[in-house]
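Comments concern the structure below.
Please treat every number below as a calculation from the coordinates, not as lab data. Computed from a prediction, not measured in an experiment: that's the story for all the values here. Glycine also receives a Cβ, built like all others from the backbone with ideal geometry; neighbour counts cover every protein chain displayed.
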Amino acid sequence: MRYDVAMHIPAQLEEIRQELAEAESVAQRAAGSVQLLAVSKTFPVSDIRQAYDCGQRLFGENRLQEALEKMPQMPSDCRWHLIGPLQRNKVRKALQAGFELIQAVDSLRLAEFMNRVAEEEAVCPAILLEVNVDGEASKHGFSPDELLEQWEQLTALTQIKIEGLMCIPAIQECEEDVRAAFARLRDLTEQLRQRGPLPLPQISMGMSSDFAAAIAEGATLVRVGSAIFGKRDYGHL
Ligand SMILES: *Cc1c(COP(=O)(O)O)cnc(C)c1O
């Protein structure tokens, strides 16, 4: 059952901001170097507005349709990221929606298709490439080897701006395993920066339960949902 989370949103958001600042400081990272993406999927616009009223402007949704319904209902200074998997038949709509960042481009094929549609639409979408950091066959994303192999083809796609990598590690039993997965994404980013030609400023990793560990391992963007908005109820969707 969903309790009235809206009343708790300002306090929870404030707590997350403090924990984020603390994690930056512990990791000896500059204050403000990690962006907080408030993941609002499944939550109503009234909840998103609570966060907005506390100064939050960056929001993430994982389903395109849901994002398209919410975006026009929020003030225009909100910035939106699409964080969920994207099917080819929804790419055009996603590009027309004006996301600040499309986070989960998970194959060369999808990147090439998006590049083509972006040319037709005359837009230059910013994207992240999703990496499967734990090598599970069932998961989305480039394997690290695949990404290295396909890097030249990817960087030849000049209509899309590849800003970095993202990952959603499998749920781990111990924090050390999660940290190791985050470290792999950071090392891979570093390797690709060395290869060039892209600066790859973004590393998107870390969610409600592990964002401090992600910051310790170099995250620039953490995606926090339930710790801000409360427990999700998928029932009404
Ligand atoms: C839902 C979601 C999150 C947020 O998860 P929480 O555990 O609620 O913080 C982060 N990233 C992605 C890709 C998600 O789909």
**Complete:** For the chain, averaging the sequence separation of alpha carbon pairs under 8 Å that lie six or more residues apart and dividing by its residue count, the contact order in percent is 22
**Message:** Among G32, A214, A111, whose Cα projects farthest towards the positive end of the dipole of the chain, with charges put on the beta-carbon of Lys, Arg (+1) and Asp, Glu (-1)?
**Reply:** A111
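Could you line up M205, M114, M74 from fewest to most neighbouring Cβ atoms inside 10 Å?
Fewest-to-most Cβ neighbours within 10 Å comes out as M74, M114, M205.
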**Fill in**
XL table K41/K93; K41/K90; K93/K231; K139/K231; Cα-Cα > 21 Å flagged, in table order, is K93/K231; K139/K231
**Complete:** The residues I228, I160, sorted from fewest to most surrounding Cβ atoms within 10 Å, come out as I160, I228
**Asked** Among 186-196, 210-220, how do they line up from the highest to the lowest mean number of other beta-carbon atoms within 10 Å?
**Response** 210-220, 186-196
**Item:** Pairwise label distance in nanometres, V45 with R57, each label 7 Å out on the Cα-Cβ vector
**Value:** 2.1
**E112-R17 pseudo-label distance in nm [points 7 Å out on the Cα-to-Cβ vector]** = 4.6
**Prompt:** Mean separation of Cα pairs under 8 Å and 6+ residues apart, divided by the residue count of the range 64-194: what relative contact order is that in percent?
**Reply:** 21
**Complete:** Candidate span helices, the chain: DSSP H, at least 20 Å along axis from Cα coords, Kyte-Doolittle average at least -1.0, result 9-26
**Request:** Between beta-carbons, use under 10 Å as the cut-off and find the net charge around L110, counting Lys and Arg +1, Asp and Glu -1.
**Result:** -1
